[in-house]
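Some notes on the structure that comes next.
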Amino acid sequence: MNAIVLLVIFATLLGFSFLLLVTTRYRRCPSNQILVVYGKVGGGQSSKCLHGGGAFIWPLIQNYAYLSLEPVQIEIPLSGALSAENIRVNVPSNFTVAIGVEPELMNAAAVRLLGLNRQQIVEQARDIIFGQLRQVIAGLKIENINKDRDTFRESIKEGLEPELRKIGLVLINVNITDITDESGYIEAIGRKAASEAVQQAVIDVAEQQKRGAIGVAEAERERAVSVSMAERDRQIGVTKAQQEQAIEVANLERDRVVGEQKAANERESSVKEAEREKRVRVANADAHAVEGENQARARVVATNADLQVKEAEARQRAETKRREAEAAVLQAQYAAETLAALEFMKKREAEQRADVEATAKAEKAKTVVDAEAAAERVRIDAEAQAGATYARLSAQARGEAEILQRKAEALRSLVEAAGGADKAFQLMMLEHVDHLADTASSAIQNIKFDKIVVWEGGRGDGKGSTSEFLRSLAGALPPVMHMVKDIGGIDLPEALGRIRADDGGPKRNDEPTPPARPSPPKNTRG
């Protein structure tokens, strides 16, 4: 019984110890760290790296450590790096690096960086970045570095990332703070770009002003044309309204005259009908009174005959009046229609005249507006061309001033190096002696000598006329040849003579006066 209790207690203690061992030796890996298990890890590896999850650390044969994945800011104050043009540039920048989470990068970081603090990791990365950054800059020109920053960053990444991966780091970001050079080349490029931008801006402003003025002129022209057309439509509408009013008044007047004539005819017909009925009643009464008597009948017959004659006369007169009334109505209608036609023709003529005048006024206004718009365009184009010419001449003047300033600095340096303005002048004249000689010889190069006649009479002192001729010929050389001594300090032979102080002709001080020449022989050729 005791053995069983002891066995149970031992098993309980063993299970508790195992649980405690598992609890204390199992390590979890945070997302911002790498768990490195080293010792006996199997597979012939020196360590096992985990990003996320966890692992059981066997006691005695294994241990563990963490590598931080937090990015590290590294400031690189690079200065004096040689570019492809051998110009030293300063490229201060900031690099952001961190340990990579790829298996090969984690293993490399476990081998190279495990146990190092943050500052030691920064120092290693800084040394690598310095060397690779100088190498990248050495293969690029300053213009490419300054203008295309994206390409510069890509070149840095391509050259730097393979070296950082060797120690388990990856390049997250590159921030180029500034790019300068000791010779002021980048600043000169900036001034040139600024000048070009200013000139282009001036040209663009002039162009926009020209377009705006053209738009204003076109708007004014369209407004004037629209106003003229509206005025013409108004005049046409007023004329048409007046014409329709006159026609309506004429129609109403004609209807009134016709109505009055018709009423008069109807009134006359009623009177005649009443008289006829009255006569009929009288005749009937007379007929009844003389009824039964022959004489009465004869009188009745006679009366009837007279009545019929009178009725016929009355009917004839009525017909005549009726026809006269109809003729008068027709005449009045014809007169009214003629008057209306004349009024219509007058209105039509006035309307046509108004249309012609409105069209002429509109054409005149359009011509004036077009002329003013053309003049405005010419003025605006002239101002734009003047502005562009001013900008171009200003830039040209600045360029010529810069050239003259450079020449002045070069001449100042030459004077200082030669030891004075006179020495510098002599040195520059020596450089152009060949040009002066060519210029002097060109003056006589086209002279053709057909013959040379020499008179040789002898003087008794060992000097003949020939030697004197040669001396005179050498003395006649251009004075430019004698300036060589003053310019370059070179002595010419005495045979070439020297410049005389009074008139510039070659003559020696000890030269005797030549005797009179004898008469030359005839047909002597040399």
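Regarding region 97-109, can at least one residue be identified that is assigned to a strand (DSSP E or B) and either over 30 Å from R149 (Cβ atoms) or among the polar types (S, T, N, Q) (or both)?
no
Could you tell me whether region 333-354 includes any residue that is within 60 Å of the chain's Cα centre (by Cα) and of a type in the set (V, I, T)?
Looking for residues that are within 60 Å of the chain's Cα centre (by Cα) and of a type in the set (V, I, T), one finds none in region 333-354, hence no.
Just to be sure, is N107 at pLDDT 80 or above, within 30 Å of G43 (Cβ to Cβ) and surrounded by 13 or more Cβ atoms within 10 Å (Cβ to Cβ)?
yes
Please specify each residue of region 165-192 satisfying the condition of being over 13 Å from A395 (Cβ atoms) and in a helix (DSSP H, G or I).
Hits for region 165-192 are R165, Y185, I186, E187, A188, I189, G190.
If I filter region 235-276 down to residues being surrounded by 12 or more Cβ atoms within 10 Å (Cβ to Cβ) and of a type in the set (S, T, N, Q), which single residue comes out as nearest to the chain's Cα centre (by Cα)?
Across region 235-276, the extreme among qualifying residues is Q235.
Within region 40-53, is there a residue that is without any contact (Cβ under 8 Å) to a residue 60 or more places away in the chain and part of a strand (DSSP E or B)?
Scanning region 40-53, I find at least one residue that is without any contact (Cβ under 8 Å) to a residue 60 or more places away in the chain and part of a strand (DSSP E or B), so the answer is yes.
Could we say that Q331 is among the polar types (S, T, N, Q), within 25 Å of V258 (Cα to Cα) and loosely packed, with under 11 Cβ neighbours inside 10 Å here?
For Q331, the condition - among the polar types (S, T, N, Q), within 25 Å of V258 (Cα to Cα) and loosely packed, with under 11 Cβ neighbours inside 10 Å - is met.
For region 179-197, check the following and say yes or no: at least one residue is within 24 Å of E383 (Cα to Cα), surrounded by 13 or more Cβ atoms within 10 Å (Cβ to Cβ) and not hydrophobic (A, V, I, L, M, F, W, C).
Among the residues of region 179-197, at least one is within 24 Å of E383 (Cα to Cα), surrounded by 13 or more Cβ atoms within 10 Å (Cβ to Cβ) and not hydrophobic (A, V, I, L, M, F, W, C), which makes the answer yes.
Restricting to region 167-185, what's the tally of residues that are touching a residue at least 40 places away in the same chain (Cβ under 8 Å) and either not aliphatic (A, V, I, L, M) or not assigned by TED's automatic domain parsing to the domain that holds G100 (or both)?
Qualifying residue count, region 167-185: 10.
Suppose we keep only residues that are loosely packed, with under 10 Cβ neighbours inside 10 Å and closer than 25 Å to G52 by Cβ within region 3-39. Which one would you say is modelled with the highest pLDDT?
Among those residues, the one meeting the criterion is S31.
Name the residue, out of V329, V378, V309, V356, that is assigned to a helix (DSSP H, G or I), of a type in the set (A, V, I, L, M, F, W, C) and under 30 Å from R232 (Cα atoms).
Step by step, each of V329, V378, V309, V356 is checked, and only V356 is assigned to a helix (DSSP H, G or I), of a type in the set (A, V, I, L, M, F, W, C) and under 30 Å from R232 (Cα atoms).
Looking for whichever is within 30 Å of D204 (Cβ to Cβ), surrounded by fewer than 11 Cβ atoms within 10 Å (Cβ to Cβ), hydroxyl-bearing (S, T, Y) and in the same structural domain as R232 (by TED's automatic domain parsing) here; the options are T320, T389, T367, T338. Which one fits?
T389
List the residue pairs whose Cβ atoms are under 6 Å apart, where the first residue sits in region 155-166 and is under 14 Å from G139 (Cα atoms), the second is β-branched (V, I, T) and modelled with pLDDT under 90, and the two are 6 or more positions apart or on different chains.
Note: pairs meeting the criteria are S155/V136; I156/V136; I156/V174; G159/V136.
Quick one: what pairs do we get from region 303-326, first residue farther than 16 Å from V271 by Cα, second among the charged types (D, E, K, R) and surrounded by 12 or more Cβ atoms within 10 Å (Cβ to Cβ), C-beta under 7 Å, 6+ apart or different chains?
T303/D286; L307/R279
From the list A81, A65, A109, exactly one residue is touching a residue at least 40 places away in the same chain (Cβ under 8 Å) and touching a helix residue (DSSP H, G or I) at 6+ places or on another chain (Cβ under 8 Å). Which is it?
Just a single option satisfies the conditions, and that option is A81.
Is there any pair linking a residue in region 256-278 that is touching a residue at least 12 places away in the same chain (Cβ under 8 Å) to one that is of a type in the set (V, I, T), with Cβ under 6 Å and at least six apart or on different chains, and which?
Q261/V329
The values are calculated or read from the model by the stated rules, or taken from the named source; none is laboratory data. Fair warning: this is a prediction, and the values are worked out from it, not measured in the lab. So basically every Cβ, Gly included, is an ideal-geometry build from the backbone, and we count neighbours across all protein chains shown.
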